[in-house]
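S.K.: There's a structure below that I have some questions on.
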Amino acid sequence: MNTPPLPNSSRAFTLIELLVVVGIIALLVAILLPTLGLARERAKTTKCLANLKGIGTGLVIYHTDNDGYVVPSYNMGAPAAADNFTGGPTDPLDGWGPILDRDGAVSGQGESFNNIFYCPNTLKIEGMAGGQTGTNPDKPRGYFDWPSIRVSNAVSTPTLLPARGFTKNIRVSYWINSDNPIGQDNKATLPNPYYTASVGYKGTAQAVIAPTRWTNFIRPQAMIAIADGVYAGKQGAGRLNGSLDGTGNATLVQDSRIGYRHNGGTLANVAFADGHAEGIKYTDFPRATNGSIPTAAQSKQENGGSYTIFADP
């Protein structure tokens, strides 16, 4: 006679079966984590491009509302004879981000990491602390707070300018393509070489820099206006040098202000003078004839293709 099974009897998992299940779960996690990381990175890149698209639209709104004059990288005071402004306590720098915010072209959210002027891949460091980025690859991926006072050539500090309508500081982690000769007495002030300029600057025996007209741009659809990075200018140091290694790094050009924050540190997102946005690889970012550029012919070649930093390439 068959013995009936005991009521409520159950078969427990063996240790080996439990280990197999745990191993399968661990394998699935190992497979999924890189995919989740890539998805998170793509989402940040997309958010950065959306920021720059919004800023690019704001740039167009600004020059449309201001008789064709583009937003200054910052404004400096009325120059005296043979004066070289430094942006010190008597001459603070307002900054293009706060100008767009104050004038209603792009709304900023103050010193916030959740801000249209702030790339989500920004490193939480002051990119211009010490006065320059040097060769530290992290600094161009940091941020700068506008408006600002240059306490010295090595120290800048945020400030408010209520008399000029700037009642909040705005955290900005994008670079603007500007003629930015601040602190260079003998820098020649050429008319409208880049997207914008430090309006009001005057070096020794040089002309005062005036606002830039949008009508000067020969190829606005190819002209870089804003990019991942910090502060302004230094167009000759706009590209990484060397070959990428296994970690996706390359040698940083001295005092580069372009932040390659995406695709493993090889891509900078950019807003163009016509308002559209896209990414530029570190090997394709055009440069001016200074700093890391050996010849004018090389600069001309770089600026004659898909991208340019010059008003007239």
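S.K.: Restricting to segment 62-80, give me the number of residues that are in contact with a helix residue (DSSP H, G or I) (Cβ under 7 Å, 6 or more places away or on another chain) and either at pLDDT below 95 or assigned to a loop (DSSP other than H, G, I, E, B) (or both).
M.R.: Count: 6.
S.K.: Another question about this same structure. Which condition number in (1) without any contact (Cβ under 8 Å) to a residue 60 or more places away in the chain; (2) within 39 Å of the chain's Cα centre (by Cα) is the one that L18 fails?
M.R.: Unmet for L18, out of (1) without any contact (Cβ under 8 Å) to a residue 60 or more places away in the chain; (2) within 39 Å of the chain's Cα centre (by Cα): (2).
S.K.: Output the qualifying pairs, or none if there are none: Cβ atoms under 8 angstrom, residues six or more apart or on different chains, first residue in segment 159-171 and small (G, A, S), second residue surrounded by 12 or more Cβ atoms within 10 Å (Cβ to Cβ).
M.R.: Listed by first residue and then by second, the contacts come to G165/R102.
S.K.: Additional query: Kindly indicate whether L6 is closer than 27 Å to I176 by Cα, of a type in the set (A, V, I, L, M) and either part of a loop (DSSP other than H, G, I, E, B) or modelled with pLDDT of 75 or more (or both).
M.R.: no
S.K.: How many residues are out of contact with any helix residue (DSSP H, G or I) (no Cβ under 8 Å at 6 or more places or on another chain) and not in a loop (DSSP other than H, G, I, E, B) if we restrict to segment 127-160?
M.R.: 15
S.K.: When you scan segment 202-219, do you find a residue that is farther than 16 Å from N75 by Cβ, among the hydroxyl-bearing types (S, T, Y) and either in contact with a Lys or Arg (Cβ under 7 Å, 6 or more places away or on another chain) or not in a loop (DSSP other than H, G, I, E, B) (or both), even just one?
M.R.: yes
S.K.: Going through segment 291-304 one residue at a time, which ones are within 26 Å of T133 (Cβ to Cβ), without any contact (Cβ under 8 Å) to a residue 40 or more places away in the chain and among the small types (G, A, S)?
M.R.: Across segment 291-304, the qualifying residues are A296, S299.
S.K.: Look through G279, G275 and report the one residue that is assigned to a loop (DSSP other than H, G, I, E, B) and surrounded by 16 or more Cβ atoms within 10 Å (Cβ to Cβ).
M.R.: One residue alone meets the criteria, G275.
Listed here are the residues, each with its yes/no results for (1) under 17 Å from the mean Cα position of the chain (by Cα); (2) modelled with pLDDT of 95 or more.
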residue	(1), (2)
N84	no, no
G88	no, no
D91	no, no
G97	yes, yes
T133	yes, no
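S.K.: Can I ask one more? Would you confirm, using the coordinates I've provided, whether G110 is under 14 Å from I170 (Cα atoms), out of contact with any helix residue (DSSP H, G or I) (no Cβ under 8 Å at 6 or more places or on another chain) and either at pLDDT below 85 or exposed (fewer than 14 other Cβ atoms within 10 Å of the Cβ) (or both)?
M.R.: yes
S.K.: Which members of segment 258-272 meet the condition of being in contact with a strand residue (DSSP E or B) (Cβ under 7 Å, 6 or more places away or on another chain) and not in a strand (DSSP E or B)?
M.R.: G259, Y260, R261, T266, listed by residue number.
S.K.: Do you know which residues across segment 149-175 are surrounded by 18 or more Cβ atoms within 10 Å (Cβ to Cβ), of a type in the set (S, T, N, Q) and modelled with pLDDT of 90 or more?
M.R.: Selection gives N169, S173.
S.K.: Within segment 11-61, can you find the residues that are of a type in the set (S, T, Y) and modelled with pLDDT of 95 or more?
M.R.: T57 - this is the single residue of segment 11-61 that is of a type in the set (S, T, Y) and modelled with pLDDT of 95 or more.
The values are calculated or read from the model by the stated rules, or taken from the named source; none is laboratory data. These figures come from a predicted structure and were not determined experimentally. Counting neighbours? That spans all protein chains shown, and the Cβs are built from the backbone with ideal geometry, glycine included.
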